[in-house]
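The values are calculated or read from the model by the stated rules, or taken from the named source; none is laboratory data. All of these numbers come straight from a predicted model, not from anything done at the bench. For neighbour counting, all protein chains shown are included, and Cβ atoms are generated from backbone atoms with ideal geometry for every residue, glycine included.
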Amino acid sequence: MTAPSSLPPNLQRIVQKFEQIAEPKRRYEYLLWFAKRAPELPEAEQVAKNKVPGCVSQVYVIATLQDGKVTFQGTSDAQITKGLIGMLMEGLNGLTPDEILQLTPDFIQQTGLDVSLTPSRSNGFYNMFQFIQRQVAECLVADSHSNPIPS
């Protein structure tokens with residue numbers, strides 16, 4: 001199964017790499033690689049408004065919009081969830097808000113991680129994805145208030 005071209009290029013590359021890995025243990029190793037690469041979220045940003053609800057682990061992520069592109073920072077107290085948030089950040093960084101808001105989390109099935117993750121981690125992934133989309137929508141609203149369209 002090949003990743004649909006509807007995925008953004010970075011996310012498509014990530015999905016294709018996961019598709020090439022047959023062993024669940026190697027998938028986890030690749031996921032942990034994202035945990036190591038994840039840009040750290042300053043402790044001052046690890047506050048309630050940046051906390052992903054519904055995760056057993058403590059997961060924090062923030063989205064910022066600059067020049068029409070979104071960038072993320074995040075962290076987690078558990079390596080698997082830090083890998084998941086790292087994978088999402090790497091796959092979504094630099095996209096426009098519309099590109100992110102049009103995505104669905106179904107690509108996780110193509111990675112094979114959905115069958116390897118425990119139900120709570122799998123649920124956590126969906127919560128992270130939805131939280132990211134909510135933050136992106138909030139960035140759009142904030143941006144429209146700070147840059148009103150001239151009449």
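Brief remarks follow.
- Residue check, Ile100 within 30 Å of Lys25 (Cβ to Cβ), in a helix (DSSP H, G or I) and modelled with pLDDT of 95 or more: no
- Restricting Thr104, Thr71 to residues that are closer than 18 Å to Ile132 by Cβ, surrounded by fewer than 19 Cβ atoms within 10 Å (Cβ to Cβ), free of Cβ contacts under 8 Å to residues at least 12 places away in the same chain and within 13 Å of the chain's Cα centre (by Cα) narrows the list to Thr104.
- Candidates in segment 22-40 are the residues that are surrounded by 14 or more Cβ atoms within 10 Å (Cβ to Cβ) and modelled with pLDDT under 95; of these, the one that is nearest to Gln109 (Cα to Cα) is Arg27.
- Of all the numbered requirements in (1) modelled with pLDDT of 95 or more; (2) touching a strand residue (DSSP E or B) at 6+ places or on another chain (Cβ under 8 Å); (3) not in a strand (DSSP E or B), Val70 misses one, and that requirement is (3).
- Residue satisfying all of: in segment 41-63; more than 16 Å from the chain's Cα centre (by Cα) and surrounded by 15 or more Cβ atoms within 10 Å (Cβ to Cβ); nearest to Ser116 (Cα to Cα) among these: Gln46
- Criterion: among the basic types (Lys, Arg), within 15 Å of Leu113 (Cβ to Cβ) and in contact (Cβ under 8 Å) with a residue 40 or more places away in the chain - qualifying residue of Lys25, Lys17, Lys82: Lys82
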